[in-house]
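Notes to accompany the following structure.
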Amino acid sequence: ANVTFVTHDGEKHEAPLTEGTSLMQIAVDNNIPGIDGDCGGEAACGTCHVVVDEAWSDVVGTNDEVEEDMLAMNPEREPTSRLSCQMTARESWDGLTVRVPEFQI
Ligand code: FES
């Protein structure tokens, strides 16, 4: 199973989806530009912000309250924004596409 990260320059970066690993960790492990994961997955830094492709937002679910607090401060926040560290990958997400915003706070 694979996930595609689309960076703001329009470039597509595919990475293998590892069940049970956070999307942030997958991005970091695969050197996806723009996803830093500075806080190590504590929903406290916002550097792992991604915008989920609308076709997938029901499948991966919405953000919870902790995420909401962090995302609310982000000027690039969109309706399907998520913190990728709070998204635990599933095999069934094969083909998932997320966008990486231009600026990460
Ligand atoms: Fe810091 Fe996700 S890694 S909020």
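Please treat every number below as a calculation from the coordinates, not as lab data. This one's a predicted model, so the numbers in the text were calculated from it and none came from an experiment. Every residue, glycine as well, gets a Cβ built from its backbone with ideal geometry; the counts of neighbours run over all protein chains shown.
Using a/c under 1.5 as the rounded threshold, could you call the stretch 2-99 rounded, prolate or oblate? The axes a ≥ b ≥ c are square roots of the C-alpha gyration tensor eigenvalues, and prolate needs a/b larger than b/c, oblate otherwise. Since a/c stays below 1.5, the shape of the stretch 2-99 is classed as rounded. Inter-label distance, E102 to N31: 2.5 nm, where each label sits 7 Å from its Cα along the C-beta direction. Only helices enter the 222 nm calculation for the chain: every DSSP H run of n ≥ 4 contributes -39,500 (n - 2.57), and dividing by all residues gives -4000 deg cm²/dmol, rounded to 500.
A simple spin-label model places pseudo-atoms 7 Å from Cα toward Cβ; at E14 and D58 they are separated by 2.7 nm.
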